[in-house]
1. A:Ile29 fails exactly one of the following numbered conditions: (1) within 13 Å of chain B (Cβ to nearest Cβ); (2) not in a helix (DSSP H, G or I). What is the number of that condition?
2. Step by step: first the residues of segment B:115-141, then only those that are open to solvent by less than 60 Å² (accessible area, probe 1.4 Å), of a type in the set (D, E, K, R) and within 14 Å of chain A (Cβ to nearest Cβ), then the one that is farthest from B:Leu72 (Cα to Cα). Which residue is that?
3. Among the residues of segment A:52-104, which ones are in contact (Cβ under 8 Å) with a residue 40 or more places away in the chain and either more than 10 Å from chain B (Cβ to nearest Cβ) or open to solvent by 10 Å² or more (accessible area, probe 1.4 Å) (or both)?
4. Every residue in segment A:63-108 that is among the small types (Gly, Ala, Ser) and part of a loop (DSSP other than H, G, I, E, B), please.
5. Do you know which residues across segment A:9-35 are closer than 15 Å to A:Pro74 by Cα and of a type outside the set (A, V, I, L, M, F, W, C)?
6. Does segment B:111-132 contain at least one residue that is part of a loop (DSSP other than H, G, I, E, B), within 25 Å of A:Ser42 (Cβ to Cβ) and either modelled with pLDDT of 95 or more or of a type in the set (Phe, Trp, Tyr) (or both)?
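The values are calculated or read from the model by the stated rules, or taken from the named source; none is laboratory data. Just so you know, these numbers come straight off a predicted model, no measurement behind them. A quick note on method: Cβ atoms are made from the backbone with ideal geometry, for glycine too, and the neighbour counts reach across all protein chains shown. When the accessible area is computed, the model is the full protein with side chains, heavy atoms only, and any ligands, DNA or RNA have been set aside. Shrake-Rupley method; radii C 1.70, N 1.55, O 1.52, S 1.80 Å.
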Number of protein chains: 2
Amino acid sequence: MQAAIDEARKGLEEGGIPIGSVLVHAGKIIGRGHNRRVQQGSAILHGEMDALENAGRQPASVYRDATLYTTLSPCAMCSGAILLYGIKTVVIGENETFLGEEQLLRTRGVTLDVRHDQTCRQLMDAFISSKPELWNEDIGR
Amino acid sequence: MQAAIDEARKGLEEGGIPIGSVLVHAGKIIGRGHNRRVQQGSAILHGEMDALENAGRQPASVYRDATLYTTLSPCAMCSGAILLYGIKTVVIGENETFLGEEQLLRTRGVTLDVRHDQTCRQLMDAFISSKPELWNEDIGR
């Protein structure tokens, strides 16, 4: 989770939305990412999507044994990507500033570990307070 | 739908997976895309995701009035993106070679128009026959 938080901070330093994610397989980080809406004008590069993209093309067997770490509860798009690739375990920094599709993921058999991490929460609280319009854009509101 | 099929053919000509998509708002195409797994080594650029990305950052109001055209039934990831952005109408070329998360989309109030288009189907049938491993990779199998 610390690596995901480092990614979130990196995003913040770049002027972006402070959400980070890493994909871990066999004890190694195979993809790191952070939200790039601002930096790349991207509508799809949420932190989790960026981590998946940076992990590159992987066989199904890798995803099935991988764990996705994300500083924030995954939205519908990122949850869909988790389901597409059959990632079975997701570790979530916090789900208090935004609650994603956790119920759908659980229904489909994904194990979620919500950490209620105060650093993750403080990053989002401060960001949402300072740039509410940008945050709403990121979650389609 | 013809513009989405044109995108699928473009992808095929590039050596990629023949799935195309366009996002239409107020009668105009605002984003065109096709699957770029092969071309860009991408794990996230399905046709629909590529169309959303190429449409750029849009306010929620645009997505809500937009229609997404896709040559193939949208997978979990692309369906999640549709839900994230509140796209209310999706026109689907065919759902016979692959059935995506249509039930989930309908449950969430998205209107689907499945065209059972034979051109879309033939493109996928031929592709899946010739490169089954690449196709399985694209859908996480």
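1. Failing condition for A:Ile29: (1).
2. Looking at the filtered set, the residue picked out is B:Glu137.
3. The answer is A:Asp65, A:Ala66, A:Thr67, A:Leu68, A:Tyr69, A:Thr70, A:Thr71, A:Leu72, A:Ser73, A:Val91, A:Gly93, A:Phe98.
4. A:Ala66, A:Ser73, A:Gly86, A:Gly100
5. The answer is A:Pro18, A:Gly20, A:Ser21, A:Gly33, A:His34, A:Asn35.
6. no
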